[in-house]
Amino acid sequence: MVILMSSLVSASHLQLATFALGTVGWILCTVSMGIVEWRVWHVNNTTIISSGIAWVGIWKVCFISYLHVSPGYREQFCHKFSGYDSFIPHEIYAAQGLLLIAMFIGLLGLAATIFALRNVYMGITHKTLIAPFFLVGGLFYIFAGLCVLIPVSWNFYSVTHNQSIAFPPSYYMPSSPAAQEAGAAIPLGIVAAILLLLSGTFSLSYRFPMTTDTTTKS
């Protein structure tokens, strides 16, 4: 029995790394979804946007203004997007939906991996309680990684081509920036996608030890 457990644990070292990478990837996905720094807009008119910089996220747009506060102080103003805002570009809508899906699917992948690893380290030698869960977890990781990669790449394309957004007047935002650059959320999302895809690949590579399988059947 000790040999069987040792064989199972030895065959699962890569899957333990898979869990670690998947966890970090899922956390980065969640963080990138929550922060506003997806696009950094540089504007020329600093009457309201005092710093000349605005941050466009997938849920809201924010900027620093000195207009309504005492000299020497600053205040951050944010306008949240709603599902009825027709001015929001397709890549932002896609990011909202796909990142939510990625967060949920990635969590399922982590749960499947945890269950399989629990069985390995508890010495459970039934193949049906280990291998299928690594397989399912791997598929979930890959799907979550693609759900992150698509909107991140799409928004990065929009940034590099300096695409505009027709904000309404109440947002005090120009429709086009003087220049724009990728914010912190985009590289975070790229790293998250890479880690999730790697986790999925490693998880799918799991092979149940033949010696354990043969002994269990006998």
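The values are calculated or read from the model by the stated rules, or taken from the named source; none is laboratory data. Keep in mind the model is a prediction, meaning the values are calculated, not measured. Virtual Cβ from ideal backbone geometry, glycine too; neighbours counted across all protein chains shown. Note: areas computed on protein heavy atoms with side chains; ligands, DNA, RNA excluded. Shrake-Rupley method; radii C 1.70, N 1.55, O 1.52, S 1.80 Å.
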Handout entry: Every residue from region 136-167 that is outside any helix (DSSP H, G or I) and open to solvent by 40 Å² or more (accessible area, probe 1.4 Å)
Key = 161, 162, 163, 164, 166
Exercise for the section: May I ask you to list pairs of residues, at least six apart or on different chains, whose Cβ atoms are under 7 Å apart, with the first in region 55-83 being at pLDDT below 90 and open to solvent by 80 Å² or more (accessible area, probe 1.4 Å) and the second being acidic (Asp, Glu) and not in a loop (DSSP other than H, G, I, E, B)? Expected result: 68/75
Exercise for the section: Could you please give the count of residues in region 116-135 that are modelled with pLDDT of 85 or more, buried (at least 19 other Cβ atoms within 10 Å of the Cβ) and of a type in the set (A, V, I, L, M)? Expected result: 2
Exercise for the section: Output the qualifying pairs, or none if there are none: Cβ atoms under 9 angstrom, residues six or more apart or on different chains, first residue in region 173-189 and without any contact (Cβ under 8 Å) to a residue 12 or more places away in the chain and in a helix (DSSP H, G or I), second residue among the hydroxyl-bearing types (Ser, Thr, Tyr) and open to solvent by less than 50 Å² (accessible area, probe 1.4 Å). Expected result: 187/32
Completion exercise
Selection from region 173-207 of residues surrounded by fewer than 19 Cβ atoms within 10 Å (Cβ to Cβ) and more than 17 Å from residue 156 (Cβ to Cβ) yields 174, 175, 176, 178, 198, 201, 204, 205, 207
Exercise for the section: Take residue 113 and decide whether it is open to solvent by less than 60 Å² (accessible area, probe 1.4 Å), in a helix (DSSP H, G or I) and at pLDDT 90 or above. Expected result: yes
Handout entry: Meets criteria (in contact (Cβ under 8 Å) with a residue 60 or more places away in the chain, under 22 Å from residue 20 (Cα atoms) and assigned to a loop (DSSP other than H, G, I, E, B)) for residue 123
Key = yes
